[in-house]
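Presented below is the structure to which this report refers.
A short reminder: the numbers here are calculations on the coordinates, not readings from a lab. Worth saying up front: this structure is predicted, and the values here are computed from it rather than measured. Cβ coordinates were reconstructed from backbone atoms using ideal geometry, including for glycine residues, and neighbour counts include every protein chain displayed.
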């Protein structure tokens, strides 16, 4: 069932990157990184798609940022911060002599402008919807100290994560300028963008953490498939996201460094609670216990993947509820019994998938095959993302659906999709206790109590079978032999600044 790697001769016809690399690439100071698609916008915080954010985050940074080593938020452009007024007020002190890409020093005026921009507080045109309802005001205390005030009714213990997401940009820079030549304070400066083809960035020598070793990076739109693998082997691209097949291939070369980890994303089989059979927990349990998830992992996934039991990955191990791991084991005979008890001898339903997603369509075939063994007739309905987004993700028009749900360091953002009236509550799940716990979590600033709340929510999701949780399929990338040091994140970010030149390759 797995995709076969296309032979070299066939793959050659798929190449869209050709020719010899220039001198910069040869000595390792320039990298070429393949990406799937172009961007709707290159202005900071404007395009919310993961495919855009993983690239654009190299240009921008905020007051604080996520540290992949400690897995915590740490100061970035801010030297320090404190939370006041029961979570209503955040006071940030800027670092000394920090600069934008245009050479100007960053001041409180820039911070004020950046937060007012995303909220639309002055223009009525918010960039980020959450900020349009959350931000009350931004006050300048002095040139290096700024106070961010959240509305009383909207304040949340998760606000610190939302603050981390806001890119700091120069005061009074227009949206037209940001779309043409974005200016930030991140590790890389904008050089060139050709829509649908590539974006080129260069190292920012005055970056607050020091200039990156990779002096130029070209993110180039490049089709997935064997053509990518061949180009990686030929040295035409320097970075290769891996699947189970390409991992086996690149592992043959001991000079290639492979970086892998859990991805903090969750592959879910959503069972729409508006579909009558799925209103019976016995039916949902039969489906879960009728799927051989270990077989899926062994056949489709990366070695770092893990079976899941709720909507939380072990990546966030302090929040992860490990005690659920013995629930709903693969047991086709039990599944048959549950269906019989529920009165379903000929259950039929369709699984909607994203047609462009090869992994999910292969996953659907495995599920179909497993469930046929317990008497469930599954049909697969692949549709393009452009249709899936409005109809399935937003409109909840489906019976069952597969989706890889993106993770985030903040458990609230992960679990809030199970709040009864939340727009991204794809399964139409509702539990008043979960709703109450989610509200309590937003009002709780005690770390231990927050852990307890999120673990209790996971127990309820598991008990109710809010969805069938499958796997964190993991992430893995290969670096060409010149490079080392790449770090993965629990959200979309190809952080080129972490990549170093191998000393023996310089």
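Give the calculated FRET efficiency between residue 88 and residue 413 to the nearest 0.05, with a Förster radius of 22 Å applied to their Cβ-Cβ distance.
E(calc), rounded to 0.05, equals 0.65.
Output the relative contact order of the chain, whole-number percent, from Cα pairs under 8 angstrom with separation of 6+ residues.
Relative contact order of the chain: 20 percent.
Any idea how far apart residue 333 and residue 280 come out in nm if each label point goes 7 Å out from Cα toward Cβ?
Result for the modelled spin labels: 2.2 nm.
Just from its helices, what would the mean residue ellipticity at 222 nm be for the chain, if runs of 4 or more DSSP H residues each count -39500 (n - 2.57) and the sum is divided by every residue, rounded to the nearest 500 deg cm²/dmol?
When only DSSP H runs of four or more count, the value is -8000 deg cm²/dmol.
Over the alpha-carbon set of the stretch 266-472, work out the extent along each principal axis and list the three values in angstrom, largest first.
49, 38, 36
Would you mind calculating the gained length between residue 172 and residue 501 on full extension (0.36 nm times residue separation, minus the Cα-Cα distance), in nm to one decimal?
Result for the pair: 114.7 nm of gain on full extension.
Counting DSSP beta bridges in the chain, what percent are antiparallel, to the nearest 5?
80
Calculate the length of the line joining the C-alpha centroid of the stretch 193-235 to that of the stretch 105-124, in whole Å.
Taking the Cα centre of each part, the stretch 193-235 and the stretch 105-124 sit 30 Å apart.
For residue 197 and residue 385, what does the FRET efficiency come to when R0 = 25 Å and r is the distance between their Cβ atoms, rounded to the nearest 0.05?
Step by step, r from the Cβ atoms, then E = 0.75.
Within the stretch 138-171, name every residue whose backbone N is under 11 Å away from a label modeled 7 Å from Cα of residue 74 along the Cβ vector.
none
Provide Rg and Dmax in Å for the stretch 64-177, with only Cα atoms included in the calculation.
Rg, Dmax (Cα atoms, Å): 13.7, 39.
Report the far tail of the P(r) of the chain, meaning the percent of Cα-Cα pairs longer than 39 Å.
The calculated P(r) of the chain puts 29 percent of pairs beyond 39 Å.
Run the numbers on the stretch 266-472 and let me know its relative contact order in percent, using alpha-carbon pairs under 8 Å that are six or more apart.
Reported as a whole number, the value is 35 percent.
Expressed in nm to one decimal, what extension gain is obtained for the pair residue 430 and residue 123 from 0.36 nm per residue of sequence separation less their Cα-Cα distance?
Difference between extended and current length: 106.9 nm.
Calculate the radius of gyration of the Cα atoms of the stretch 369-444 to one decimal place, then report Dmax, the largest Cα-Cα distance, as a whole number, both in Å.
Final numbers for Rg and Dmax: 15.5, 47 Å.
Residues of the stretch 263-306 with backbone nitrogen within less than 15 Å of a virtual label 7 Å along the Cα-to-Cβ line of residue 341, please, listed as ranges.
280-290
Between the stretch 36-53 and the stretch 363-421, how far is it from one alpha carbon centroid to the other, in angstrom?
23
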